[in-house]
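Novice: I am attaching a structure below and will ask some questions about it afterwards.
The values are calculated or read from the model by the stated rules, or taken from the named source; none is laboratory data. Being a predicted model, the structure only gives us computed values, none of them experimental. No Cβ is skipped: glycine too gets one built from the backbone with ideal geometry, and neighbour counts run over all protein chains shown.
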Amino acid sequence: MSKPVKDMIIEDYKDRFGETQDALVIGLRGIESNDTNAIRGGLAEKSIKVTVVRNKLFGQAFAGTGLEPLKEVLTGANAVAYGAESVVEVAREIVELVKTFPDIELKGAVLDGELFEGESGVERLSKFPTRDEAIAKDVSIILGPGSSLMGAVKGPGSGVAGILKAIQSKLEDGETIAKV
């Protein structure tokens with residue numbers, strides 16, 4: 001392959017991946033073309049892109065970026081999956097696909113510059129909370145003590161309000177109130 005063609009491929013990778021810093025590497029060897037099309041179509045519906053890459057050129061294109069750690073898992077035929085809200089969602093979808101298509105090889109993923117190597121690494125990554133889930137958890141942790149405090153403050157006051165309401169309804173009905 002000539003140098004100008006290699007340069008064009010590297011530029012194409014840079015255009016496709018843009019500012020992507022997190023991605024997942026899978027091997028699709030052994031999967032029939034119709035199944036590959038079904039996999040790509042299903043992932044595309046979830047805003048996940050799959051790009052087959054040439055290992056050395058991918059490494060050259062992303063040297064010095066967040067995707068550089070993926071060079072360690074780029075052996076053989078590879079495809080890079082990226083997109084969605086985060087690589088965690090990508091990992092979850094791919095792990096689910098492995099149940100239907102066991103020939104998909106989970107090679108590794110990178111999140112915030114950290115490499116999750118092999119099948120175990122990708123499965124561990126798929127169990128991480130997504131950004132939205134982490135924010136929701138943080139908000140509930142922050143609001144938890146406040147709601148407990150509010151319940152503690154409100155509890156005795158609502159008890160007194162209930163007693164006053166009972167006294168009011170008895171007086172309105174003309175009943176007498178006994179001293180305690």
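Novice: Could you say which residue among Glu32, Glu45 is at pLDDT below 90, exposed (fewer than 14 other Cβ atoms within 10 Å of the Cβ) and of a type outside the set (Ser, Thr, Tyr)?
Specialist: Numbers: Glu45 fails: at pLDDT below 90.
When all the criteria are applied, what remains is Glu32.
Novice: Quick check on my filter: what residues within the stretch 1-60 are among the basic types (Lys, Arg), farther than 22 Å from Phe116 by Cα and without any contact (Cβ under 8 Å) to a residue 40 or more places away in the chain?
Specialist: Lys3, Arg16, Arg40
Novice: If a residue has to be surrounded by fewer than 18 Cβ atoms within 10 Å (Cβ to Cβ) and under 17 Å from the mean Cα position of the chain (by Cα) to count, how many in the stretch 99-114 make the cut?
Specialist: Looking only at the stretch 99-114, we keep the residues that are surrounded by fewer than 18 Cβ atoms within 10 Å (Cβ to Cβ), and these are 99-103, 112-114.
With under 17 Å from the mean Cα position of the chain (by Cα) added as a condition, the list becomes 112-114.
Qualifying residue count for the region: 3.
Novice: Another question, then. So which helices (runs of 4 or more DSSP H) are wholly in the stretch 29-116 and hold at least 2 residues that are under 22 Å from Asp7 (Cβ atoms)?
Specialist: Numbers: elements: 33-44, 55-61, 87-100.
Result: 55-61.
Novice: Here are some conditions: (1) out of contact with any Lys or Arg (no Cβ under 9 Å at 6 or more places or on another chain); (2) surrounded by 12 or more Cβ atoms within 10 Å (Cβ to Cβ). Asp132 meets all but one. Which one does it not meet?
Specialist: (2)
Novice: Only one residue in Thr20, Thr65 is over 19 Å from the mean Cα position of the chain (by Cα) and at pLDDT below 90, so which one is that?
Specialist: Working: Thr20 fails: over 19 Å from the mean Cα position of the chain (by Cα).
Unique residue meeting the criteria: Thr65.
Novice: Would you point out which residue out of Lys165, Lys154, Lys170, Lys179 is of a type in the set (Lys, Arg), part of a loop (DSSP other than H, G, I, E, B) and more than 27 Å from the chain's Cα centre (by Cα)? Give the steps one after another, and end with the answer.
Specialist: Values: Lys165 fails: part of a loop (DSSP other than H, G, I, E, B); Lys154 fails: part of a loop (DSSP other than H, G, I, E, B); Lys170 fails: part of a loop (DSSP other than H, G, I, E, B).
The unique qualifying residue is Lys179.
Novice: Let me ask something else about it. Take the residues in the stretch 22-45 that are of a type outside the set (A, V, I, L, M, F, W, C) and in contact with a strand residue (DSSP E or B) (Cβ under 8 Å, 6 or more places away or on another chain); name whichever of them is nearest to Pro69 (Cα to Cα). Show your work before the answer.
Specialist: Restricting attention to the stretch 22-45, the residues satisfying the condition of being of a type outside the set (A, V, I, L, M, F, W, C) are 22, 27, 29-30, 32-37, 40-42, 45.
If we keep only those that are in contact with a strand residue (DSSP E or B) (Cβ under 8 Å, 6 or more places away or on another chain) as well, we get 22, 27, 29, 40.
Numbers: Asp22: 10, Gly27: 17, Arg29: 22, Arg40: 24 Å.
Of everything passing the filter in the stretch 22-45, Asp22 is nearest to Pro69 (Cα to Cα).
Novice: Checking the conditions here, which among Ala161, Ala166, Ala152, Ala91 is exposed (fewer than 10 other Cβ atoms within 10 Å of the Cβ) and either in contact with a helix residue (DSSP H, G or I) (Cβ under 9 Å, 6 or more places away or on another chain) or not assigned by TED's automatic domain parsing to the domain that holds Gly76 (or both)? So that I can check it myself, show each step before the final result.
Specialist: On the way: Ala161 fails: exposed (fewer than 10 other Cβ atoms within 10 Å of the Cβ); Ala166 fails: exposed (fewer than 10 other Cβ atoms within 10 Å of the Cβ); Ala91 fails: exposed (fewer than 10 other Cβ atoms within 10 Å of the Cβ).
Just a single option satisfies the conditions, and that option is Ala152.
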